[in-house]
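Peer 1: Provided herewith is a single structure, encoded as structure tokens, for subsequent inquiry.
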Amino acid sequence: MIEVLITGTILLLAFMHFFPKYLIQSKWDNVLLVVKVRDTIQTIDNLNKTFEFAKDSNEFEDFMDSIFPPEFTGAMIWWKQIEQVEGDNFMSEEGITNDPIPYFTEGHKKTIVDVVNTTSGYHVYSFTLGLGYVY
């Protein structure tokens with residue numbers, strides 16, 4: 001009985017030595033995240049919603065929830081940042097505030113520059129969208 005256990009252990013170790021487990025890691029998760037950010041910000045821009053989403057966090061959250069529902073995305077999170085490009089007080093007058101950036105282990109962000117025409121003239125600002133995974 002002991003000889004069978006020793007022989008089995010030797011065979012198991014030999015198989016583990018000659019047939020090791022190989023783990024190949026790819027960068028597809030990161031590339032998929034980059035594509036999602038690019039496509040999402042392009043969709044927001046094509047819908048001409050950057051100014052509305054910059055002003056209204058609830059509308060932005062509703063839009064993002066409709067694109068990335070939790071049952072399909074798992075642990076996908078997002079955030080936005082808006083920065084004034086011109087030197088006037090446009091951002092503070094409109095009440096645009098930046099959302100806090102949530103914790104993420106892997107993330108990507110993309111920025112577009114937008115121009116809005118208000119009663120006081122044209123104003124330029126940047127809209128940054130970030131997507132990430134919390135795991």
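Peer 1: Calculate one ³J(HN,Hα) per residue across the stretch 42-59 by plugging θ = phi - 60° into the Karplus curve 6.51 cos²θ - 1.76 cosθ + 1.60, and present them in order as whole Hz with x for glycine and proline.
Peer 2: Per residue, the Karplus-derived 3J(HN,Hα) values read 5, 5, 4, 5, 5, 7, 6, 10, 4, 5, 5, 6, 5, 7, 10, 5, 5, 5 Hz.
Peer 1: Mean-square fluctuation check for the chain, GNM, Cα pairs under 10 Å: which of THR119, THR43, THR111 is largest?
Peer 2: THR119
Peer 1: May I pose another question? Could you work out the mean projected area of the convex hull around the alpha carbons of the stretch 10-76, in square nanometres to one decimal?
Peer 2: About 7.0 nm², averaged over all directions.
Peer 1: While we're on this one: Going by alpha carbons, how many degrees (0 to 90, nearest 10) lie between the helix axis of 2-18 and the longest principal axis of the chain?
Peer 2: Taking the Cα atoms of the chain, the angle to 2-18 is about 40 degrees.
Peer 1: Please list log₁₀ I(q)/I(0) at q = 0.12 Å⁻¹ for the chain, using the Debye equation with identical point scatterers on the alpha-carbon positions.
Peer 2: Debye output, listed in q order: -0.58.
Peer 1: Which one of ASN48, SER66, VAL34 is farthest out on the positive end of the charge dipole of the stretch 25-66, using unit charges on Cβ (Lys, Arg +1; Asp, Glu -1) and the Cα centre as origin?
Peer 2: VAL34
Peer 1: Something else: Can you tell which of THR105, THR50, THR40 shows the greatest fluctuation in a Gaussian network model of the chain with Cα springs below 10 Å?
Peer 2: Taking springs between Cα atoms under 10 Å, the residue moving most is THR105.
Peer 1: Let me know the charge dipole size of the chain about its Cα centre in debye, to the nearest 20, where only the beta-carbon of Lys, Arg (+1) and Asp, Glu (-1) is charged.
Peer 2: So the dipole magnitude of the chain works out to roughly 800 debye.
Peer 1: Further question: What is the sum of charges around VAL37, taking Lys and Arg as +1, Asp and Glu as -1, for the other residues whose C-beta is under 14 Å from the C-beta of VAL37?
Peer 2: Result for the local shell: +1.
Peer 1: Just tell me which lysines come within less than 30 Å, Cα to Cα, of LYS55; anything on the same chain fewer than 8 places away is out.
Peer 2: Reachable lysines: LYS36, LYS80, LYS109, LYS110.
Peer 1: Going by average Cβ neighbours within 10 Å, how do the peptides 77-84, 1-8, 53-60 rank, with the highest at the top?
Peer 2: So the peptides 77-84, 1-8, 53-60, ranked by packing, come out 77-84, 53-60, 1-8.
Peer 1: Separation of the stretch 1-56 and the stretch 100-117 by C-alpha centroid, Å?
Peer 2: So the two Cα centres are separated by 24 Å.
Any read-out appearing in this document is the output of simple, stated calculations on the displayed coordinates, not a laboratory observation. Note that the coordinates shown come from a computational prediction; the quantities given were computed from them, not determined experimentally. Because the Cβ atoms are built from the backbone with ideal geometry, glycine has one as well, and the counts that use them run over all protein chains shown.
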